[in-house]
Amino acid sequence: MKKFLGAELFFESLYKLGIKTIFGLPGGYVLKIYDVMPSYAKKIKHILTRHEQAATHMADGFSRASGLPGIILCTSGPAATNTITGISTAYMDSIPVLVFTGQVPTPFLGSDAFQEADHIGITRTCTKHNTLVRKTIDLPKAIAEALYISNTGRKGPVLVDMPKDVLIGESSFKMPKSIKIKSYEDSVNLQKKEYDNFLAAFKKSNRPLFIFGRGACSEKSQKQITKILNKYKVPGLTSIMALGLLHDSKYNFGLIDENCSKISKDILKKSDLVISVGCDLPKIVNLKNKKIINVNIDKVDLDSTKEGNINVHTDSCEFINKLDDEQKLSFLWKEDEFKKFHDNHISELNKEIKLNIKAKIFSEISNLFPKDTVFCSDFSYEEVNLQRFLNISDYRNNLISGGNGTPGYGFPAAIGATFSRPKSKVVSISSGKNFQFNMQEMIVAVEQKINLTIIVLNDSINNKYPGPNYKTLAESFNVRSTRVKASVSMGNTIKKFMGYKGVTLIEILI
Amino acid sequence: MRHVISILVDNEPGVLARIAGLFTARGFNIESLCVAETEKQSLSRLTLVTSGDDWIIEQIIKRFENMINVIKVDDFKESQSLQRELLIARVNPTSKTRSEVLRVADIFRANVVDVGSKSYALEITGSKDKLEAFVEILRPLGLKEINRTGLISLKREKN
């Protein structure tokens with residue numbers, strides 16, 4: 001049987017599992033992988049980043065924009081600790097990301113060797129699972145299992161720690177045909193009793209309301225949800241993570257969040273039953289005295305101690321599939337009621353656009369770009385939920401760090417998204433403060449010759465901490481850039497820059 | 001409320017740290033913890049005693065169940081399970097209390113497992129209450145040190 005190096009097994013396994021892109025940065029203990037990389041260059045594309053945190057965000061953005069798993073490769077110690085922010089971001093939002101870290105040779109484990117850190121210990125609380133590979137022969141199985149765990153059930157990041165002696169050791173290539181882990185269930189079947197409970201409550205209700213989260217998002221369920229809302233004529237709201245899911249539905253009433261917009265408050269007030277599908281509702285909004293049906297794949301997010309709540313423990317997409325087959329029911333919601341809600345919704349948005357300059361810019365920018373544009377933004381305090389002013393037509397087009405609220409997430413995620421969505425336009429919108437977190441990655445975008453529009457909102461030019469001049473900064477990276485004032489003519493400049501190929505940066509002074 | 005949680009896990013490094021980590025993350029104290037191999041070498045059973053708000057214990061149990069290496073979690077009620085603990089005590093009696101120690105041991109059905117010129121070592125199994133009573137009685141008789149295994153439990157057969 002042909003023998004492979006551990007480093008070769010790494011690529012052979014990834015290739016067999018259908019991985020085509022990895023993000024990473026070389027370093028001491030993974031050098032063997034980079035040594036053999038040229039012979040796999042045609043099969044697997046490696047994108048050299050400048051910071052491991054950015055690499056993780058890129059893989060995360062790559063995954064969010066497409067649904068494919070994102071892969072990161074980096075060395076031990078400082079590199080691995082740099083990935084933590086990115087891993088945590090993916091963990092909070094249940095994104096399938098695989099992190100491969102180098103590690104000191106197994107005999108030196110735990111000896112405070114050069115660039116050693118306890119990756120397994122450090123990432124224990126921010127990964128779905130993590131594992132240390134001890135023998136070269138186990139590497140393919142460990143990689144296959146990691147991908148399987150990461151990409152099934154409630155998805156999440158998985159870390160695989162690979163000591164140097166595992167990577168330079170030799171072994172035959174043995175990968176199990178199918179993966180089965182005894183103590184892990186990759187799917188949750190819908191219990192008939194729970195579903196019947198839901199159906200009874202649904203039929204009895206007068207004004208039910210659906211709230212969808214990221215768990216309800218899949219290509220198939222997106223169409224089914226639109227169908228379901230049309231069939232029952234009931235309103236739907238989404239969490240920030242599922243923004244864009246209801247884009248095609250006329251029963252879409254926007255976002256639900258902790259500082260609820262007035263419209264979602266009104267709808268909540270009128271409804272007598274809230275059906276939360278794949279959404280971590282209690283953490284988003286306080287719904288005391290409301291009857292709630294909670295559909296979630298993770299039982300941790302189901303609260304069975306509260307009386308009156310109905311829990312349905314299942315994959316949200318399966319639930320939607322089942323609901324799609326149900327018969328038509330009629331409820332007390334009226335079309336003119338919806339019209340009023342809708343008009344209020346639009347007028348409320350318009351009012352805010354008038355008052356908030358950032359909201360205005362978000363909405364103006366969004367109108368300039370074609371429908372299928374991926375918008376990548378940050379979630380900082382002053383930019384809370386500005387995403388609702390964007391014209392997001394698909395849940396995969398809104399890249400934002402929801403649970404972790406990572407500053408500086410948007411820009412590297414946008415770079416990642418260009419690789420998984422080469423046909424779509426990708427835009428990164430961040431404030432100057434957030435952009436500075438990962439601005440070094442501009443060089444990656446330039447090197448990789450991707451098409452990316454970066455918009456930086458510079459609101460601190462007259463401030464005590466003005467930050468750099470982003471236009472000249474971008475020029476030093478060889479990025480075509482311009483600086484405009486937030487005004488009527490801003491649109492023309494953006495339009496002109498949209499036409500250019502490659503990476504462009506537009507700094508907007510507020 | 002006091003909970004006895006019995007967890008069946010893969011016999012692998014790092015599993016205990018993962019489980020203990022969930023407690024530290026919530027600032028919970030583990031009253032006792034006992035881990036050992038089961039009838040299958042690949043599996044370990046972990047018995048853990050803790051007390052806390054029911055809602056939080058339920059959350060912790062759900063998170064245990066979500067862990068990849070955890071196979072089964074049981075939250076035992078006292079009546080549903082057998083619960084035992086083992087205790088070893090060293091007693092340095094005076095010449096006056098020497099026979100009294102042996103009498104107490106006899107009453108509690110404890111065994112003498114080591115005898116020296118100055119001390120006895122006693123071994124006793126039983127419920128938490130029984131062991132505590134035993135310790136309290138030995139205390140004035142020259143109790144030197146004790147060590148306990150922590151609670152272990154097994155589900156009773158259903159009637």
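Quick notes
- Its DSSP H runs of at least 4 residues, each contributing -39,500 (n - 2.57), put the calculated 222 nm mean residue ellipticity of the protein assembly as shown at -10000 deg cm²/dmol, to the nearest 500.
- Segment A:157-233: trypsin sites (Lys or Arg not before Pro) falling in loop per DSSP and having at most 12 other Cβ within 10 Å: A:Lys174, A:Lys177, A:Lys180, A:Lys182
- Under the span-like rule (Cα at least 27 Å along the axis, Kyte-Doolittle mean at least 0.5), DSSP H helices of chain B: none
- Simple spin-label estimate for A:Lys45 and B:Asp114 in nanometres, 7 Å along Cα-Cβ: 6.8 nm
- When every Cα-Cα distance of chain A is counted in 20 angstrom steps from zero, the calculated P(r) takes the values 23, 51, 26, 1 percent.
- Three-way shape call for segment B:2-76 based on the alpha-carbon gyration tensor, with the a/c threshold at 1.5: prolate
- Panel order for A:Ser430, A:Ser363, by other beta carbons found within 10 Å of each beta carbon, from fewest to most: A:Ser363, A:Ser430.
- 14 Å Cα-Cα reach of A:Lys371 towards aspartates and glutamates, excluding residues that sit fewer than 8 places from it in its own chain: A:Asp248, A:Asp394
- Placing +1 on the Cβ of every Lys and Arg and -1 on the Cβ of every Asp and Glu, with nothing else charged, gives segment B:82-155 a dipole about its Cα centre of roughly 40 debye.
- Pairs over the 25 Å Cα-Cα cut-off, from the set A:Lys233/A:Lys340; A:Lys135/A:Lys180; A:Lys3/A:Lys164; A:Lys334/A:Lys354; A:Lys250/A:Lys485; A:Lys262/A:Lys299: A:Lys334/A:Lys354; A:Lys250/A:Lys485; A:Lys262/A:Lys299.
- A:Gln327 versus A:Asp112: modelled label distance in nm, points set 7 Å from Cα along the beta carbon direction: 7.4 nm
- Annotation: the residues A:His57, A:His342, A:His119, sorted from fewest to most other C-beta atoms within 10 Å of their own C-beta, follow the order A:His342, A:His119, A:His57.
- In range of the label at A:Asp248: residues from segment A:200-223 whose backbone nitrogen is under 13 Å from the point 7 Å along Cα→Cβ: A:218-223
- Cβ-derived FRET efficiency at R0 35 Å, B:Met1 paired with B:Lys144, nearest 0.05: 0.55
- Compactness relative to 2.2 N^0.38 Å, alpha carbon Rg of segment A:356-509: 0.93
- Relative contact order computed over chain A (Cα-Cα under 8 Å; 6+ residues apart), in percent: 13 percent
- Listed from fewest to most Cβ neighbours within 10 Å, the set A:Leu209, A:Leu190 follows the order A:Leu190, A:Leu209.
- Relative contact order for segment A:192-343, counting Cα pairs under 8 Å that sit 6 or more residues apart, in percent: 29 percent
- Inter-part distance where segment A:53-97 and segment B:120-154 are each reduced to a Cα centre, Å: 51 Å
- Among the chymotrypsin sites (Phe, Trp or Tyr not before Pro) in segment A:51-128, those located in a DSSP loop and surrounded by at most 15 other Cβ atoms within 10 Å of their own Cβ are A:Phe114.
- Shape of segment A:46-131, Cα gyration tensor, a/c cut at 1.5: prolate
- Annotation: for a label point projected 7 angstrom from Cα along Cα→Cβ of B:Leu8, residues of segment B:133-159 with backbone N closer than 14 Å are B:154-156.
- Pairs of Cα atoms farther than 29 Å apart, chain B, %: 33 percent
- Sequence-separation-based contact order of segment B:82-155, relative, with Cα cut under 8 Å and 6+ spacing, percent: 53 percent
- Efficiency of FRET from Cβ geometry, B:Glu123 and B:Ser95, R₀ 22 Å, rounded to 0.05: 0.40
- On the basis of the beta-carbon distance and an R0 of 35 Å, A:Ile346 and A:Lys464 show a calculated FRET efficiency of 0.40.
- Three-way shape label, segment A:3-172, alpha-carbon gyration tensor, a/c 1.5: rounded
- Ignoring aspartates and glutamates fewer than eight residues from A:Lys351 along the same chain, the ones with Cα atoms less than 15 angstrom from its Cα are A:Asp343, A:Glu364.
- Lysine pairs within chain B, Cα separation less than 19 Å, 8 or more sequence positions apart or different chains: 15
- Taking the charge dipole of chain B about its Cα centre, with +1 at Lys and Arg Cβ atoms and -1 at Asp and Glu Cβ atoms, the residue from B:Leu87, B:Thr24, B:Ile60 reaching farthest to the positive side is B:Leu87.
Here, each number is a calculation from the coordinates, and none is a lab measurement. The shown structure was predicted, so the numbers you read here are calculated from the model rather than taken from an experiment. Cβ sites come from the backbone with ideal geometry, for glycine too, and all protein chains shown count toward neighbours.
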